[in-house]
Amino acid sequence: MRIPFASMFMTSPFEGLQEHAEKIIECAWAFQQAFECYLADECKTFEDFRKEVAKMESEADAVKRRIRGHIPKGTIMPIYNFLLFRYLREQDNVLDAFEDALDWISYRFEPGIPQELHKDFMLLVDAVIDPIEQLSGMIDGARKYFKNYSEEQRVEVKNIIHTLRRNEREADKIEDSIKLNVFNMKTDPITVFHMVRLAEIIGSIADHTQNSGDMMRAMISK
């Protein structure tokens, strides 16, 4: 028989996971603003947004360390510690990918993304950012599930996980389309490499978001 989660933990680690997810949502907004600025004719605030993303990533790291360091040895949990930590790692990788994408842009800020790729890249950015707000709801749903093991609550969490998988597939299609377009452009090899790698880094945001969902699916499995 499972023991209600609330009776085993005075403070649920899911509260920390949710705080970490909220940082990701904030970071997603700053990333989107930075990218839109990058595409603009005159971008003067890109570095400000990039520093803001780096600052939030550092703050999220502090939350991550707190989660890892505040589970007393011998504490009985309804999930294995390694699943919790693997979930946290994938969620944290979302933040790292935001920072990596902006860093990659900064290495070759000029001449920027060719005009004919602007729309495709914005579609990709939107595709990887849209599902991120689902992370907070997924964690909140899991936290409630571990309080009473309601099957209805479990189904709600699983539905969010299915949505994350569907969003990842859509992002993959856009990423593949960008690569195809880049390889068929008449441009220099450095631009080709820079654009392809940028599409891969941005696409990895959706990959890690889906991986977070997969780890959550393992945690709530019976």
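Scanning region 125-137 for residues that are in contact with a Ser or Thr (Cβ under 8 Å, 6 or more places away or on another chain) and either more than 23 Å from Ile202 (Cα to Cα) or among the aliphatic types (A, V, I, L, M) (or both) gives Val128, Ile132, Leu135. All of (1) surrounded by fewer than 18 Cβ atoms within 10 Å (Cβ to Cβ); (2) at pLDDT below 90; (3) out of contact with any Leu (no Cβ under 8 Å at 6 or more places or on another chain); (4) more than 29 Å from Glu116 (Cα to Cα) hold for Ala40 with one exception: (4). Pairing residues of region 135-146 that are without any contact (Cβ under 8 Å) to a residue 60 or more places away in the chain with residues that are assigned to a helix (DSSP H, G or I), at Cβ distances under 8 Å and at least 6 apart in sequence or on separate chains, gives Gly137/Ile160; Gly141/Gln153; Gly141/Glu156; Gly141/Val157; Gly141/Ile160; Lys144/Gln153. Just so you know, in region 155-184 the residues that are exposed (fewer than 14 other Cβ atoms within 10 Å of the Cβ) and among the hydrophobic types (A, V, I, L, M, F, W, C) include one that is modelled with the highest pLDDT, and it is Leu180. Among the conditions (1) modelled with pLDDT under 90; (2) surrounded by 15 or more Cβ atoms within 10 Å (Cβ to Cβ); (3) among the β-branched types (Val, Ile, Thr), Ile139 misses just one, which is (1). Residues in region 166-217 that are more than 16 Å from the chain's Cα centre (by Cα) and free of Cβ contacts under 8 Å to residues at least 24 places away in the same chain: 12 in all. Taking residues in region 91-120 that are over 18 Å from Lys179 (Cα atoms), and partners anywhere that are charged (D, E, K, R) and part of a helix (DSSP H, G or I), the pairs with Cβ atoms closer than 6 Å and at least 6 places apart or on different chains are Asp92/Lys64; Leu95/Glu57; Glu99/Glu57; Leu102/Arg50.
The values are calculated or read from the model by the stated rules, or taken from the named source; none is laboratory data. Here the structure is a predicted model, which is why all the values come from computation and not from measurement. Positions of Cβ are backbone-derived with ideal geometry, glycine not excepted, and every protein chain shown enters the neighbour counts.
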